[in-house]
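Structure, as C-alpha cells:
The values are calculated or read from the model by the stated rules, or taken from the named source; none is laboratory data. Remember, predicted model here, so these are calculated numbers, not experimental data. Note that we place each Cβ from the backbone using ideal geometry, even for glycine, and neighbour counts take in every protein chain shown.
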Amino acid sequence: MGRVGRWGRAEPPILRVCSMAQWVCGRRRGSAATTRRVTEYATGWVRQGCRSRMRLAARLGLSRSLSGLQLPPPEPPLAPFTRSLHPWRRWGASPEGRDCGRPHLPQSPPSDLRPASNFMQHLFTMRTPLLATFLGCTLLAAASAQTSEPLSFPGVLIGPGEVPEVLEFETDLAVVDALTDLGRVSLRGVPMPTGQILNLDLERVEFQWGSLGVFVDGVRSEYDPGDLTCWKGEVAGVEGSEVFLSFSSLGSYGWIHDGVDYTHLSAMRNADGEWEGARMRLYSDKALNAAGQGLGARAMGTCLSDQLQGGHQPPPAINPADLSPPTYGAAQKLECKMAIETDHQLYQKWGNLSACENYVFALLGAISDRYDTQIDTILTFPYVQFWTTASDPWNSQDSGGSSSDLLTEFQNAWAGNIPNGAHLAHFVSGANLGGGVAWLGVLCNTSFGFAVSGNIDGGVTFPVTQGSNTWDFMVIAHETGHNFGTPHTHDYCPPLDKCYNNCTGSTQCTNQGTVMSYCHLCSGGMNNITTYFHPSVVSTMRSGAVSSCIPNWNSNSFATVFYDDFEVGGLAANGWTKVNARRKSDSAHEGNKGAKVRKSGSILRTVDTSGFGEIVVRYWRKTKNYEPGEELRLRYSTNGGSSWTTAGSSDALSWGFVEYAMPSSAGNNANFMIMFKSFGGDEPKENGRVDQVEVLGR
C-alpha cells in the first residue's frame, strides 16, 4: 500500500535510504538531505525526500536523544518594543467627537483599518499569530479519508519564558520533517502555558504552488517551501475549539483556541541568532490580561472614513433579509488571483528571505483557506514581491505616511496594470501605517482593485507592544472582504451586530463578532472576534464574486504539454538547441541521464502551448563548482527568442525541485521558448544540471 505523500495524496511505495547526516541533523532547507519530494498533478509524480528513519524516531519520541543535539540555554531577555494596537479601519487622534462613515464606492474614500492613537503597552505582537499563518492553501481532498498519524508536538521544552504562562521550545526538526509526509495528524501531549496538556486533531492545508509567482528585488525568483506545512483542526474532545498552525525549521506560527482562551505560537531566532532551526514560543492571553498587558477594555479612537478626501455619500445599507443563504462549499469554486506587493520594512522583521517568505505564504494560505471554505473562492497568488534592499520603490512608509498615503501611491503606480493578470492588488507592509484600507466592491476593477494592510510582522519581536496575533490574518482578510463588496457588519440594516454605531441607534457588545465587525472595540478586544465571516457577509461576498469576472477554479486540470527526463535520445534529437551541453549520467536526479550545461553554455527549445491559457514550468536542478555571481538560470521567451526574461536562478549544490507560473503571454503561444543557461561560468568544471523538465498547461 502506498504511503501518504508530501501533498497528502496516496503515493506508490518507493525505496528510501537515509544518510547518517540526515539521521543526526534532520532535514535542512536546501541541503543534500532534500533529495525527494512528492508532488502530484493529474499528469504524474515527482518525488523528493528520504526520511523514514527520522519519522520513526519522531513517532517513538527518540529524535532528540538519537540526534545527539545538546539543548542550548534560554535566550537572554530582550528589551521591550513599543508599537500601537490595531483596531479596524481608521481612527482619529482621540475617541471623542468622531462619527463613523460607511465604506465607500470607488469614486469615494475607501474603507480602512487603523489602530487607536491612545494605546496601552502590552507584550506580544499579535493575539493570534497564526491567524496569520497559511497561504494560497486549499485543503487536501484526500485528507478527509485518512486516519490521523499520532506524533508528539514538534518542540522540546527549554523552560518557562520571562513572563508567566510563556513556554519556550527548541524545534524538533525530525518531527517537523515527519509532518511533511502526512495529510492528517494527531499531535499528542501538547503542553500549554497554563499547565494543561492537550491533543490536537489536525488536517493539512496545502498551497497552490503551480499558481505562485515569486519576485525578489524586482527579479523573478524561485521559492522552495522546504519543510513548511500548514494545518487546521480542533482540540480533541473540545467542542467549539479551533486550531491554525504552521511548522517549519525556519519558524512556526499559529494559535490554539480551546473554546475559552487563545494560546499563541510564534517563532524566535535560535541560540546563535539564526532563523535556521528557529525556536518556538507558546503564550496565553490569560497571562497577558493578568499582567495588564492584554487586549481588554480600553479607550479607542473611532472611524475617520467620512473625513478622508472624496467626501461622497456612503452606499445604502444592506438588508440581510434580501440576501441569498450562503453555500459553504456547495457552489462552483471560483478563483481570485491576487498580486501581493511588500516592502523592505516587512523583510526587516526577519532579515532572512526564506524565513520571511515562509511566514507570508503561510499567512496567505490561511486566508485563502478561509475564503475557500466560506466564500467558495480560492485565492491564488501569481505575483508576490519581496524587497531585501532598502531601495524599494515605495516612499510613503519612509516618510511616516499612513495606510491611505500608501494606498494612493500604490494605486497610482499600478492602476490599469496589475501584474500577471491578477484580479486584485494588495500591499502587505511591515511598516507602522496605522492599519489597513481598501476600496469597496472592486473585483476585476484594475483602476480601483487595491487594498493595503500595514503593521504585519508575524509576532517575531518579543516582547512587543503591538496587538493581537490575529492582526495579520484579520487585516488582510478584512480588507479583501471590502474588495469583494461587503461593508462592516454594523453597516447592514438591521445590523448583524451592534458593537458599533448602527441604524438602530443603540449599541450592544458581543464576544461573537466576526471578521468584518468592530466588536474588538468592546471589553475583551480581539477576543471578541472569531476568524469567520458572518453568514450574511458571506452571501454578500459570494454575490460580488459571482457577478464579477473571476473564473471558475480548475483544480486538477493541468496537462503535460512537454516533458523530457533526458533518458532517451540526444539533446538535439529531442528538439533542444545546445551550446556546451550534453546528456550525462552524473546529471540525473532520477534514472540514468540528465542534462549538464557547462561554462556559459545553454539548452533551449520551443514548446507550443496552443490551447492552454495558463502555463507552469517545473524541473529539478543543481549546480557544481560555480563561483560567486555564477548561476544556472531558467529563461523564457514569448516571441520566439527575440527577447528573453529570467524566471529564476540558482547556485544550489544539492538537488532541488522548483516550478514557475509563466505570464499569460506564455499561453496559447506557438513560439513559447524555454532556456537553461549557465550564467557566468568560464571553466568546464563549472556547470548546472537539470532533469525531469516539464511544461504544464490548463
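A few comments on the model shown:
- In summary, Gly525 fulfils each of the numbered conditions (1) out of contact with any helix residue (DSSP H, G or I) (no Cβ under 6 Å at 6 or more places or on another chain); (2) more than 20 Å from Phe473 (Cβ to Cβ); (3) not aliphatic (A, V, I, L, M) with the single exception of condition (2).
- For region 216-235, the criterion of being among the acidic types (Asp, Glu), surrounded by fewer than 24 Cβ atoms within 10 Å (Cβ to Cβ) and in contact with a Gly (Cβ under 8 Å, 6 or more places away or on another chain) is met by at least one residue.
Residues checked against (1) over 24 Å from Gly459 (Cα atoms); (2) among the polar types (S, T, N, Q); (3) touching a Leu at 6+ places or on another chain (Cβ under 8 Å):
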position: Asp392; (1), (2), (3): no, no, no
position: Gln397; (1), (2), (3): no, yes, yes
position: Ser402; (1), (2), (3): no, yes, yes
position: Trp414; (1), (2), (3): yes, no, no
position: Leu424; (1), (2), (3): yes, no, yes
position: Ser429; (1), (2), (3): no, yes, yes
position: Leu440; (1), (2), (3): yes, no, yes
position: Thr446; (1), (2), (3): yes, yes, no
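- Scanning region 250-269 for residues that are outside any strand (DSSP E or B) and under 18 Å from Gly459 (Cβ atoms) yields Leu250, Gly251, Ser252, Asp261, Arg269.
- Within region 663-678, the residues that satisfy the criterion of being surrounded by 18 or more Cβ atoms within 10 Å (Cβ to Cβ) and either closer than 11 Å to Ser637 by Cβ or among the basic types (Lys, Arg) (or both) are Ala666, Asn669, Phe672, Met673, Ile674, Met675, Lys677.
- Hey, Asn445 touching a residue at least 12 places away in the same chain (Cβ under 8 Å) and closer than 19 Å to Leu379 by Cα or not: yes
- The set of residues in region 566-592 that are crowded, with 20+ Cβ neighbours inside 10 Å and not in a strand (DSSP E or B) comprises Phe566, Trp576, Ser587, Ala588, His589.
- Among the criteria (1) over 18 Å from Tyr383 (Cα atoms); (2) touching a strand residue (DSSP E or B) at 6+ places or on another chain (Cβ under 6 Å), the one Ser610 does not fulfil is (2).
- Candidate set from region 596-622 (those that are of a type in the set (A, V, I, L, M, F, W, C) and in contact with a helix residue (DSSP H, G or I) (Cβ under 6 Å, 6 or more places away or on another chain)); member that is nearest to Ser665 (Cα to Cα): Ile615
- Pairs, first closer than 14 Å to Ile456 by Cα in region 357-383, second charged (D, E, K, R) and modelled with pLDDT under 95, C-beta under 7 Å, six or more apart: Leu363/Asp472
- Positions within region 491-510 being closer than 19 Å to Gly481 by Cα and outside any loop (DSSP other than H, G, I, E, B), in sequence order: Asp491
- Count - residues of region 189-230 that are in a loop (DSSP other than H, G, I, E, B), under 21 Å from the mean Cα position of the chain (by Cα) and not polar (S, T, N, Q): 11
- For region 634-651, a tally of residues being surrounded by fewer than 16 Cβ atoms within 10 Å (Cβ to Cβ) and not in a loop (DSSP other than H, G, I, E, B) returns 1.
- Residue check, Lys596 more than 31 Å from the chain's Cα centre (by Cα), surrounded by 21 or more Cβ atoms within 10 Å (Cβ to Cβ) and among the basic types (Lys, Arg): yes
- In region 388-408, of all residues being buried (at least 18 other Cβ atoms within 10 Å of the Cβ) and of a type in the set (Asp, Glu), the one that is farthest from Ile550 (Cα to Cα) corresponds to Asp392.
- Counted residues, region 603-622 - those being in a strand (DSSP E or B), surrounded by fewer than 21 Cβ atoms within 10 Å (Cβ to Cβ) and of a type in the set (Ser, Thr, Tyr): 1
- Failed item in (1) surrounded by fewer than 24 Cβ atoms within 10 Å (Cβ to Cβ); (2) in contact (Cβ under 8 Å) with a residue 60 or more places away in the chain, with Asn199 passing the rest: (2)
- Members of region 516-529 found to be surrounded by fewer than 23 Cβ atoms within 10 Å (Cβ to Cβ) and more than 21 Å from Pro494 (Cα to Cα), listed by number: Ser523, Gly524
- Hey, Ala267 within 19 Å of the chain's Cα centre (by Cα) and buried (at least 18 other Cβ atoms within 10 Å of the Cβ) or not: yes
- Count - residues of region 254-277 that are modelled with pLDDT of 90 or more and of a type in the set (Phe, Trp, Tyr): 1
Each row is one residue, and each column tells you yes or no for (1) within 27 Å of Gly680 (Cα to Cα); (2) modelled with pLDDT of 90 or more; (3) not assigned by TED's automatic domain parsing to the domain that holds Glu335.
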{"position": "Asp565", "(1), (2), (3)": "yes, yes, yes"}
{"position": "Gly569", "(1), (2), (3)": "no, no, yes"}
{"position": "Gly594", "(1), (2), (3)": "yes, yes, yes"}
{"position": "Arg598", "(1), (2), (3)": "yes, yes, yes"}
{"position": "Ser602", "(1), (2), (3)": "yes, yes, yes"}
{"position": "Asp608", "(1), (2), (3)": "no, yes, yes"}
{"position": "Tyr619", "(1), (2), (3)": "yes, yes, yes"}
{"position": "Glu630", "(1), (2), (3)": "yes, yes, yes"}
{"position": "Tyr636", "(1), (2), (3)": "yes, yes, yes"}
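- Looking across Glu170, Glu206, Glu234, one residue alone is of a type in the set (Asp, Glu), touching a residue at least 24 places away in the same chain (Cβ under 8 Å) and in contact with a Lys or Arg (Cβ under 8 Å, 6 or more places away or on another chain). It is Glu170.
- Counting only strands (runs of 3 or more DSSP E) that sit completely within region 374-461, those holding 1 or more residues that are in contact with a Lys or Arg (Cβ under 8 Å, 6 or more places away or on another chain) and closer than 23 Å to Tyr532 by Cβ correspond to 377-386, 424-428, 436-438.
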